[in-house]
Amino acid sequence: MIRVATTDDAAALSRLQAYLPSPAPDLLRVALSTGDVLVSVTGGDPVGYALTVPDDAGETIHVGELVVAPTHRREGRAAALLDAVARGADRVTLTVEPDNEAAIACYRACGFERVARLENYFEDGPALFFVRD
């Protein structure tokens, strides 16, 4: 099940965020307060989330963070989160580290296309920029 995250989910999301190579705790706090985080839940508990950053017009949504707990990967949760993000958006964008082959395969399977390589995007290197129209 996918739902909008609430402030009650903050501790669980913080634990999930620790799995990311470049977490942004401040961004997560802001996104939680604005309703821009979707969670994948099991038994009511978040086991994955997508943090989104919509543009001013609401036509393009950037996925700033996407993570699923290791024990729940390969269950279709990332794909379900990305589909939920895409509802109502003309375009969804995201970035990923070039060596994250599992994520790249997931994004391609979900209809995303690589459109650019962004040098020095992350603190420690480049990112691949993906788009789904």
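Working from the alpha-carbon coordinates of the chain, get Rg over Rh, Rh being the Kirkwood radius. Mind dumping the intermediate values first?
Details: Rg = 13.8 Å, Rh = 14.9 Å.
That ratio is 0.93, to two decimals.
When the helices in the chain are scored as -39500 (n - 2.57) per DSSP H run of 4 or longer and the sum is shared across all residues, what 222 nm value do you end up with, to the nearest 500 deg cm²/dmol?
Details: 4 runs with 37 residues, N = 133.
Theoretical 222 nm ellipticity from helices: -8000 deg cm²/dmol.
Can you compute the modelled spin-label distance between Thr71 and Glu101, with each label point 7 Å from Cα toward Cβ, in nm?
Placing both labels 7 Å along Cα→Cβ, they lie 2.7 nm apart.
Could you let me know the centre-to-centre spacing of the range 17-34 and the range 77-130, using Cα atoms, in angstrom?
17
Between Val53 and Glu119, what length comes free when the chain is fully extended (0.36 nm per residue of separation minus the Cα-Cα distance, one decimal in nm)?
Extending this stretch completely gives an extra 21.7 nm.
For the chain, what does the relative contact order come out to in percent, with C-alpha contacts under 8 Å and a separation of six or more?
19
If you add up the charges near Leu27, with Lys and Arg at +1 and Asp and Glu at -1, over every other residue whose beta carbon is less than 12 angstrom from its beta carbon, what do you get?
Values: positive: Arg29; negative: Asp26, Asp36, Glu65.
Charge balance near Leu27 sits at -2.
Around Ala57, under 11 Å between beta carbons, what's the net of Lys plus Arg minus Asp minus Glu among the other residues? Working shown, then result.
Details: positive: Arg91; negative: Asp55, Asp56, Glu59, Asp90.
In short, -3.
Between Asp45 and Asp8, how many nm apart are label points set 7 Å from Cα along the C-beta direction?
According to this spin-label approximation, the distance is 1.5 nm.
Pop the C-beta distance of Asp83 and Ala18 into the FRET formula with R0 = 22 Å and round what comes out to the nearest 0.05.
Between Asp83 and Ala18 the formula returns 0.30.
Quick check: net charge around Leu128, other residues with Cβ under 9 Å of its Cβ, Lys/Arg +1 and Asp/Glu -1? List each step's numbers first, then the result.
Details: positive: Arg114, Arg117; negative: Glu97.
Overall, the nearby charge balance is +1.
Bear in mind these aren't lab numbers, they're just calculated from the coordinates by the rules spelled out. From a predicted model like this one, the values you see are computed outputs, not experimental measurements. Methodologically, a virtual Cβ is constructed for each residue, glycine included, from the backbone with ideal geometry; neighbour enumeration extends over all protein chains shown.
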